[in-house]
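This report refers to the structure that appears directly beneath it.
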Amino acid sequence: MQRILITGGTGMIGKRLTSLLLDKGYEVIILTRDASKYRQKENEISHERLSYYEWDPSEKTVEPAAIRNANVIINLAGAGIADKRWTKKRKRIIVSSRVNAGETIVKALQEIPNTINTVINASAIGWYGDDSVRKSNAPAFVETDPNASQYLGITCKAWEDSIEPVKSLGIRLLKFRTGIVLSEEGGALKEFKRPIRFGIAPILGRGDQIISWIHIDDLCRMFLFAIEQIGLSGVYNAVAPTPVSNKNFMISLATKMKSKFFIPFHVPAFLLKLFLGEVSIEVLKSTTVSSEKIKNAGFQFIYPSVESAFEELI
């Protein structure tokens, strides 16, 4: 059984992925800035196939044993994109946390003897622009479309470029451009649910902007699929096959949570811009992204619709 090294393994996606991999019999190595803290927790749960090692992407350092002991690297590292207002400092952190992680992995693989055969790098559908810039008659963005010229498009390009040199080392490389991840543990869904608890279903702007999303379990299964299907390489969109408008998303979620006991409420775009600043551009942006490539590779979604996702999550 292969040993899987995960960066960003203590985050929402990393925790769920670790659980899935352990359930499947894999050994998991997690890179973190404070391994001692998690080693104490590890001792409490006494899981013999889970270990923690330290790294510091800002200094391009990593414990050599982590690289020597692994066969596959899954890179999930990066500061949260929507966690805080986009000040100049925050935008620099978002980019540097991703680029530094990729460059640290490349440096480690070049300098430390290893048996790594696969690197799977997270990316995001922020690569793509608004639906208005899609090729004429194209129903959705596909993996061969160029990156957008706005901040997130440029960020995703730098993010993906940082890991690209591993290919020159003869290592299989995959990049997953992930949509909005739906999880009961946090992330976007937690924020969407907050006002609905009070009977308000906020529809952002006009509400017709398309959300490309994915259930966290399907995303983690996609990582597992990539590990086991050794013929896969290159870029894949990690999104469910049924993108949905913001309005339909919120109404479906509110219906699941409150039945008919809620009030739809349109939040004007100018208010979003006032409270969110530049992040509002992404909130109001419509991005329809195709999942056909990963489906054609043989991946099957458990949660293909938001209704099926909400049925499990709520």
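The set of residues in the stretch 285-314 being surrounded by fewer than 19 Cβ atoms within 10 Å (Cβ to Cβ) and among the aliphatic types (A, V, I, L, M) consists of A297, I302, I314.
Looking at the stretch 226-314, the helices (runs of 4 or more DSSP H) lying wholly inside it that each contain 2 or more residues that are touching a residue at least 40 places away in the same chain (Cβ under 8 Å) and either touching a His at 6+ places or on another chain (Cβ under 8 Å) or of a type in the set (G, A, S) (or both) sit at 246-258, 306-313.
Taking the criterion of being part of a strand (DSSP E or B) and among the aromatic types (F, W, Y), would at least one residue in the stretch 182-203 satisfy it? Give the derivation first.
Taking the stretch 182-203 and keeping what is part of a strand (DSSP E or B), we get 182-183, 186, 200-203.
Right, trim to among the aromatic types (F, W, Y) and you get none.
No: the stretch 182-203 contains no residue that is part of a strand (DSSP E or B) and among the aromatic types (F, W, Y).
How many of the residues in the stretch 71-102 are surrounded by 13 or more Cβ atoms within 10 Å (Cβ to Cβ) and not in a strand (DSSP E or B)? Step through it out loud before you land on a result.
Taking the stretch 71-102 as the starting set, the residues that turn out to be surrounded by 13 or more Cβ atoms within 10 Å (Cβ to Cβ) are 71-82, 84, 86, 90-91, 93-102.
Then keep just the ones that are not in a strand (DSSP E or B); that gives 71, 76-82, 84, 86, 90-91, 93-102.
Of the residues in the stretch 71-102, 22 are surrounded by 13 or more Cβ atoms within 10 Å (Cβ to Cβ) and not in a strand (DSSP E or B).
Tell me which residues, restricted to the stretch 160-192, are within 15 Å of the chain's Cα centre (by Cα) and on the phi > 0 side of the Ramachandran plot. Within the stretch 160-192, G186, G187 qualify. For R68, the stated conditions do not hold, so it cannot be described as loosely packed, with under 15 Cβ neighbours inside 10 Å, at negative phi, assigned to a loop (DSSP other than H, G, I, E, B) and in contact (Cβ under 8 Å) with a residue 24 or more places away in the chain. Counting the residues of the stretch 273-313 that are closer than 25 Å to K175 by Cβ, at pLDDT 95 or above and not aliphatic (A, V, I, L, M) gives 15. If the condition is being modelled with pLDDT of 75 or more and either under 21 Å from the mean Cα position of the chain (by Cα) or part of a helix (DSSP H, G or I) (or both), then the stretch 27-55 contributes V28, I29, I30, L31, T32, R33, W55. When you scan the stretch 131-159, how many residues do you find that are in contact (Cβ under 8 Å) with a residue 40 or more places away in the chain and either buried (at least 21 other Cβ atoms within 10 Å of the Cβ) or on the phi > 0 side of the Ramachandran plot (or both)? Of the residues in that region, 4 qualify.
The values are calculated or read from the model by the stated rules, or taken from the named source; none is laboratory data. Everything numeric here is computed off the predicted structure, so don't read it as measured data. Cβ: placed from backbone, ideal geometry, glycine included. Neighbour counts: every protein chain shown.
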